[in-house]
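Report on one structure; see the data block that follows.
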Amino acid sequence: MADCFSLAQRSRIMASIKAKDTKAERVVRTYLFRKGFRYRLNDNRLPGKPDIVLPKYKTVVFVNGCFWHAHEHCRHFIIPKTNRPFWEQKLKKNRERDQRVCAQLLSMGYQVLVVWECELSPADRREQTLLGLVNEIWQSG
């Protein structure tokens, strides 16, 4: 099936996708704040500028979008049919970068946690995911 948008429209849509302060990030941050955690956002002193840094627990949290970070076996991750070689290469590079950044943070002594976008909906799954996140943070502290 052909793309229903022109090249200019598709370009504008893709350019408007935010890298910071996404809805999924806000959900995680709000939950952590309500549980008493204090954190830094997108700390550029650390590799990969983690979405959430909990210095007290020496823990970082990445809130990953399923498409952009190529979440395997997820219904939200489908490689576009148009310009497939470009997308395969781009998503492969994203995954390699994620692995490299994770290794760097681990070598610096940080605990690295990843929350996937698909784990935050529906609401019952969100609560379970966020509770698990809090438990993992407490275990590290």
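Readers should treat all values here as calculations from the given coordinates under stated rules, not as data from a laboratory. No experiment lies behind these values; they were computed from the predicted model shown. All Cβ positions, glycine included, derive from the backbone under ideal geometry; neighbour counts span all protein chains shown.
When ranked by the protection proxy of mean other Cβ atoms within 10 Å per residue, highest first, what sequence do the peptides 87-97, 113-123, 54-64 form?
Ranking, from highest mean packing down: 54-64, 113-123, 87-97.
Only Lys, Arg, Asp and Glu count, each charged at its Cβ (+1, +1, -1, -1), so figure out the dipole size of the range 43-140 about its Cα centre, rounded to 20 debye.
With only Lys, Arg, Asp and Glu charged at Cβ, the dipole is about 440 debye.
Among rounded, prolate and oblate, which fits the range 43-140 when a ≥ b ≥ c are the square roots of the eigenvalues of its C-alpha gyration tensor, a/c under 1.5 means rounded, and a/b larger than b/c means prolate?
Because a/c hits 1.5 or more and a/b fails to exceed b/c, the range 43-140 counts as oblate.
Tell me, what is the percent relative contact order of the chain, built from C-alpha pairs under 8 Å that lie six or more residues apart?
24 percent
Considering only DSSP beta bridges with both partners in the range 43-140, what is the antiparallel share in %, to the nearest 5?
The antiparallel proportion sits near 35 percent.
Given the DSSP H assignment, sum -39500 (n - 2.57) over each helix run of at least 4 residues in the chain and divide by its residue total; what's the result at 222 nm in deg cm²/dmol, nearest 500?
Using -39500 (n - 2.57) per qualifying helix, the result is -15000 deg cm²/dmol.
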